[in-house]
There are 2 protein chains.
Amino acid sequence: MTVKNAFYAQSGGVTAVINASACGVIETARAHPDKIGKVYAGRNGIIGALTEDLIDTSQEPEENIAALRHTPSGGFGSCRYKLKSLEANRREYERLIEVFKAHDIGYFFYNGGGDSADTCYKVSQLSEKMGFPVQAIHVPKTVDNDLPITDNCPGFGSVAKYIATSTLEASFDVRSMCATSTKIFVIEVMGRHAGWIAAAGALVADQGIPVVTLFPEVEFNQESFLATVDAKVKEYGYCTVCVSEGCHWPDGRFLAEQGTRDAFGHAQLGGAAPVVANMIKDALGYKYHWAVADYLQRAARHLASKSDVEQAYALGQRAVELAIEGHNSIMPTVVRTSSNPYRWEIGHAPLSEVANVEKFMPRDFISEDGYGITDRCREYLYPLIEGEDYPPFEKGLPKYVTLKNAAVPKKLGAFEV
Amino acid sequence: MTVKNAFYAQSGGVTAVINASACGVIETARAHPDKIGKVYAGRNGIIGALTEDLIDTSQEPEENIAALRHTPSGGFGSCRYKLKSLEANRREYERLIEVFKAHDIGYFFYNGGGDSADTCYKVSQLSEKMGFPVQAIHVPKTVDNDLPITDNCPGFGSVAKYIATSTLEASFDVRSMCATSTKIFVIEVMGRHAGWIAAAGALVADQGIPVVTLFPEVEFNQESFLATVDAKVKEYGYCTVCVSEGCHWPDGRFLAEQGTRDAFGHAQLGGAAPVVANMIKDALGYKYHWAVADYLQRAARHLASKSDVEQAYALGQRAVELAIEGHNSIMPTVVRTSSNPYRWEIGHAPLSEVANVEKFMPRDFISEDGYGITDRCREYLYPLIEGEDYPPFEKGLPKYVTLKNAAVPKKLGAFEV
């Protein structure tokens, strides 16, 4: 087996643990110098490959690579850039192969969600045809948890832990205050199409918290929603609402797009949480507070799930091993062998079965009334938030690494993206 | 010394560590059965005293009281209820004394901010005049960090740690994405009049993050703000904005004002972040994300500052000791004896000097341009976020206590509040 270099890139929205996968890829590649030469990373994701803006990770000291395991965000930069179909933009795919060829890259590790699985798949097909075969391995990542086959997606477990914990803490807060003040707390969470993250907020019901969850999978029904909230307030004195950003009306309009106006006549500026909070205030008169967690939730490495960190690393590690074993066009997956106690192992799936398939919450994970989760869903979720994996702290703050990210000298001409 | 019962109540917005003060009060009182009988807590704060709705904390097992140390929110309930002046509503103060008399209460521990320090002060004055002297001790608490004399206020250090950490994490996230996507991240933090919490967000500048901070102490200047943000984006590729909910225009209008008011007649805030984000988008065209942390920040016991927890406990403990030593109408305070290494001890101050005094950020804590902090401010802040004090976890979530809160049988007639 000849020694080839590897290319690694991060794709799409970053997470608390995508760098743990990077760490798994790089450390494992470094352990096989007889098979893999250097690991080049794409600066800002696949854009870095197209523009030949490569990072030489071999110049990064061992401790920096190790620190990636506990550092959130994308250490090499990521991007939202979806390659078009082969027919629509063959030029980009050919450029990728050209760059790989120029830098003797035989392995392509692409760390992302559904779109990047698709890109990865196409690269493996085309490189074969172009006579410079590249082994393309997709490393799963997405807080949305919507990739098929794998039991779950790295990044999701940590967001779930953060949202469940934050919803619990804020609910305790409002419970303290509800006799004379705030009775409604609304937290908005990510998940445009799939309600996995919202489901994590629903876990707090197990601790006696009255929580109403709004999933993208369930069409919003204002009347039934308000009645459900009102009943909780009458029974408990307060109510928490966990609303997915993807929650929408029967006609498909997102709640966040509702053109409401504030007291000054200004258009209400984005956010499903303030829309829901104001709706409750207008109809039921209850005082509210609302929070929009946004990037805080997917970057919250300080509260990462231990199983999530371990899986993110293991998937990166296994991706390299699979490449060395000669595999191509596949994705390592998490396979659950037991929920209680939680046991898992790493399997793999062909990219042809992964690309362009979205996994939504199964209907039997959502309660009959549409505002909560079922025991099946609980059994699925709890293992994913299990365990803590705190980063080191210095002067009161997490000690995260910022890489040197030294550039690889270019060999080709410029390329417009 | 005769044995008297004690009354303890939580006041105003709750925090991640107010229960640690409650723990300090109750455990210390339990250690002195020769001086203090039972500790009665007000259900939902001072309202519980007025309506004779008292909680018998002696019925709470030792482990529940111990667990208060790591449980956020107000374990006995809190309220936003400010007693009027003695002249305007003598009836309420007299009722308090009547309740204290009926339940043989000789100690009044009031755990809150500026308003409750004032109430505490008046109770001590009036009870003397009414011939049933009650020793009134105020236990400081407020995330706003705006009480005078004490070096800082319990609750603040933990919020500061949470906001600094969250701002750091989200800034790493946007740094990863800024080449092709989001360039602006706006986080809105609490602090209606004082910019202490916003200052904590500014700490991330020490880690190379371009951050622009908007304080309530500095009148908002749209032109200079936009120019500052634009310069950061041009230099770093992205910019984080940490905006205090109290940030306001020169005419006093809050950026966030929604037009609703709370029980004290204060404008209800929330929504400065989307206002600022849209302003940047409109003027500079940069793609943004924004977060409103709201209750998440003050309830985030999972990321509490160790020094904050220790001080919250020590102040509750010392309040009881001061009472036993015969003090009245005072507040235990944190006295800083060294910043590096951080050393502190507990002192005390007369309530006459605490009540109705608000402590703002000193001008020399805010940088010349008004958008950052100075080294003096850094020296003040870092010790307050030092150390971690994680709660125990179970099934992936913090294990917080919900008290039994058994009622004390009533002895008096009803009272309208």
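One table, with the values for the structure above:
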| quantity | calculated |
| --- | --- |
| In region A:322-417, GluC sites (Glu not before Pro) in a DSSP loop with at most 12 other beta-carbon atoms within 10 Å | A:E325, A:E358, A:E368, A:E416 |
| For region A:267-328 and region A:209-249, distance of Cα centres in Å | 19 Å |
| Amide H contacts under 5 Å for B:F108, placed H, 5+ residues apart | B:F7, B:Q135, B:A136, B:I137 |
| Computed over region B:259-417, the ratio Rg/Rh where both radii use C-alpha atoms and Rh is Kirkwood | 1.03 |
| Per-q log10 I(q)/I(0), region B:156-301, q = 0.09, 0.14, 0.20 Å⁻¹ (Debye; single scatterer per alpha-carbon; no solvent) | -0.25, -0.60, -1.23 |
| In Hz, Karplus ³J(HN,Hα) per residue of region A:275-288 (6.51, -1.76, 1.60; θ = phi - 60°; x = Gly, Pro) | 5, 5, 4, 5, 4, 5, 4, 5, 7, 10, x, 7, 6, 10 |
| Environment charge of A:K399, counting only residues whose C-beta is closer than 15 Å and scoring Lys/Arg +1, Asp/Glu -1 | -3 |
| Set of region B:348-381 residues, backbone N closer than 14 Å to the point 7 Å along the Cα-Cβ line of B:M130 | none |
| MRE, 222 nm, helices only [DSSP H, n ≥ 4, -39500 (n - 2.57), over chain A, to nearest 500] | -11000 deg cm²/dmol |
| Label geometry 7 Å along the beta-carbon vector: B:D230 inter-copy distances in nm | 5.1 |
| Computed log₁₀ I(q)/I(0) - Debye formula, equal Cα scatterers, no solvent, region B:195-262, q 0.16, 0.21, 0.24, 0.28 Å⁻¹ | -0.58, -0.90, -1.07, -1.24 |
| Length added when fully stretched, B:R253-B:H32, from 0.36 nm per residue minus Cα-Cα | 74.5 nm |
| Residue-count net charge about B:Y342 - beta-carbon cut-off 9 Å; Lys, Arg +1, Asp, Glu -1 | +1 |
| Whole-Hz ³J(HN,Hα) from phi, Karplus 6.51 cos²θ - 1.76 cosθ + 1.60, for region A:173-189, glycine and proline x | 4, 5, 4, 5, 9, 5, 4, 10, 9, 3, 10, 10, 10, 10, 10, 9, 10 |
| Projected area, mean over directions - the protein assembly as shown, Cα convex hull, nm² | 34.9 nm² |
| Label point 7 Å beyond Cα of A:D375 along Cβ direction - residues of region A:187-226 with amide nitrogen under 15 Å | A:206 |
| Selection from A:N19, A:V143, A:S85 lying farthest towards where the dipole of region A:7-164 points positive, charges on Cβ | A:S85 |
| Built amide H within the under 5 Å cut-off of A:G37, gap 5+ | A:K4, A:N5, A:A6 |
| Where GluC sites (Glu not before Pro) fall in DSSP loop in region B:162-234, at most 16 other Cβ within 10 Å | B:E219 |
| Equivalent-ellipsoid semi-axes of chain B, from the Cα gyration tensor, Å, largest first | 41, 22, 19 |
| Whole-Hz couplings from phi, Karplus 6.51/-1.76/1.60, listed for region B:337-350; x for Gly and Pro | 9, 7, 8, 8, x, 6, 9, 8, 9, 9, x, 7, 9, x |
| Per-copy distances of the B:S352 label point, shortest first, in nm (7 angstrom along Cα→Cβ) | 8.8 |
| Built amide H within the under 5 Å cut-off of A:W290, gap 5+ | A:V186 |
| Cα convex hull of region B:45-151, projected area averaged across orientations, nm² | 7.7 nm² |
| Copies compared at A:E325 - label distances in nm, ascending, label defined 7 Å from Cα in the Cβ direction | 7.0 |
| Region B:149-196 versus region B:18-87: alpha-carbon centroid distance in Å | 31 Å |
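Read-outs throughout are calculated quantities, based only on the coordinates presented, and are distinct from any laboratory measurement. This is a predicted model, so every value here is computed, not measured. Note: ideal-geometry Cβ built from the backbone for every residue, glycine included; neighbour counts use all protein chains shown.
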